[in-house]
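K.L.:
Starting off with a structure, shown below.
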Amino acid sequence: MTFTVEDGTGVAGANSYVTVAYANAYHGERGNSGWTGADALKEQALIRATDYIETRWAESFLGIQEHLDPLQPLSFPRLGIRNRAGLDVLGIPEALKRATAEYALRALTAALMPDPTVNATGVVTGTREKVGPIETETMYSGFLRNATLRAYPAADRLLVGLLAGGGRGRVYR
């Protein structure tokens, strides 16, 4: 698959909301030294970040998807979103671009949606061990979704203005 950036025109086959150059500038301005490596690795991280956004937030975005191309795979561009000044948000919002760069920084070194630990009892959300006298406690969640999508506050907060209800009720731990 080719790295293809959505430019706000409904690009067929788009798999990222930002270019490597955008992410480089964004992280450079903030001194994020973790944003390193070959462009191919950065492209992969940006694709994973965009996948994460689409998986976690697509159902909560304000407005309606603007199908400029029937093969448009991403949630943006959208119609019916206004900024604080009451003006229509066109193309790819800056907040979405920044969030993509933030998620991509994390995607360089870890899975954004790691597979949960599951045993016969359920989804393991935590364990506690005590060495003497020996004691072990395992915590479980009855909801697989809560175990697989976690919060990334620095990136999540950037999207609040684009989400119905400000994204409340959609932060998973």
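K.L.:
Which value, in Å² and to the nearest 10, is the accessible area of residue 113 when all protein chains are kept and the probe is 1.4 Å?
P.N.:
Its heavy atoms expose roughly 80 Å² to the probe.
K.L.:
Averaged per residue, what accessible area in Å² does segment 17-104 show with a 1.4 Å probe, protein chains only?
P.N.:
In whole numbers, segment 17-104 has 50 Å² accessible per residue.
K.L.:
Can you tell which of 87, 74, 100 lies farthest toward the positive end of the dipole of segment 70-120, using +1 and -1 charges on the Cβ of basic and acidic side chains (Lys, Arg; Asp, Glu)?
P.N.:
87
K.L.:
Here's something else I'd like to know. What trypsin sites (Lys or Arg not before Pro) does segment 38-92 have in DSSP loop regions with at most 15 other beta carbons within 10 Å?
P.N.:
When the trypsin sites (Lys or Arg not before Pro) of segment 38-92 are filtered for loop state and at most 15 Cβ neighbours within 10 Å, 84 remain.
K.L.:
So, one more: May I ask you to derive the FRET efficiency for residue 67 and residue 39 from their Cβ-Cβ distance with R0 = 25 Å, giving the value to the nearest 0.05?
P.N.:
0.25
K.L.:
Excluding residue 29 itself, calculate the net charge of residues whose Cβ lies under 15 Å from the Cβ of residue 29, where each Lys or Arg counts +1 and each Asp or Glu counts -1.
P.N.:
It works out to a net charge of +1.
K.L.:
Residue-wise, which Karplus ³J(HN,Hα) couplings in Hz belong to segment 12-21, taking 6.51 cos²θ - 1.76 cosθ + 1.60, θ = phi - 60°, and x for glycine or proline?
P.N.:
5, x, 4, 9, 8, 8, 9, 7, 4, 4
K.L.:
Where does the charge balance sit around residue 111 when Lys and Arg score +1, Asp and Glu -1, over other residues with C-beta under 14 Å from its C-beta?
P.N.:
+2
K.L.:
Amide H of residue 81: which non-local residues (sequence gap of 5 or more, or other chain) have their own amide H closer than 5 Å, using H built in the peptide plane?
P.N.:
89
K.L.:
Take every Cα pair under 8 Å in segment 9-114 that's 6+ residues apart, average their separations, divide by the length, and report that relative contact order as a whole percent.
P.N.:
In percent, rounded to a whole number, it is 39.
K.L.:
Can you check what the net charge comes to around residue 155, using other residues whose Cβ is under 12 Å from the Cβ of residue 155 (Lys, Arg +1; Asp, Glu -1)?
P.N.:
+4
K.L.:
Taking all protein chains together and a probe of 1.4 Å, list 81, 134 from the most accessible to the least accessible.
P.N.:
Greatest to least solvent exposure: 134, 81.
K.L.:
What are the ³J(HN,Hα) values, in whole Hz, obtained from phi via the Karplus relation 6.51 cos²θ - 1.76 cosθ + 1.60 with θ = phi - 60°, for each residue of segment 35-40 in sequence order, with x given for Gly and Pro?
P.N.:
Taking θ as phi minus 60°, the curve returns 7, 9, x, 5, 4, 4 Hz for segment 35-40.
K.L.:
If you plug each phi of segment 74-90 into the Karplus form 6.51 cos²θ - 1.76 cosθ + 1.60 with θ = phi - 60°, what whole-Hz ³J(HN,Hα) values come out, in order, with x for Gly and Pro?
P.N.:
Taking θ as phi minus 60°, the curve returns 9, 6, 10, x, 10, 10, x, 10, 10, 7, 4, 7, x, 8, 4, 8, 10 Hz for segment 74-90.
The values are calculated or read from the model by the stated rules, or taken from the named source; none is laboratory data. Quick caveat, the model's predicted, so the values are computed rather than measured. Cβ coordinates were reconstructed from backbone atoms using ideal geometry, including for glycine residues, and neighbour counts include every protein chain displayed. For accessibility, only protein heavy atoms count, side chains too; no ligands or nucleic acids. Shrake-Rupley method; radii C 1.70, N 1.55, O 1.52, S 1.80 Å.
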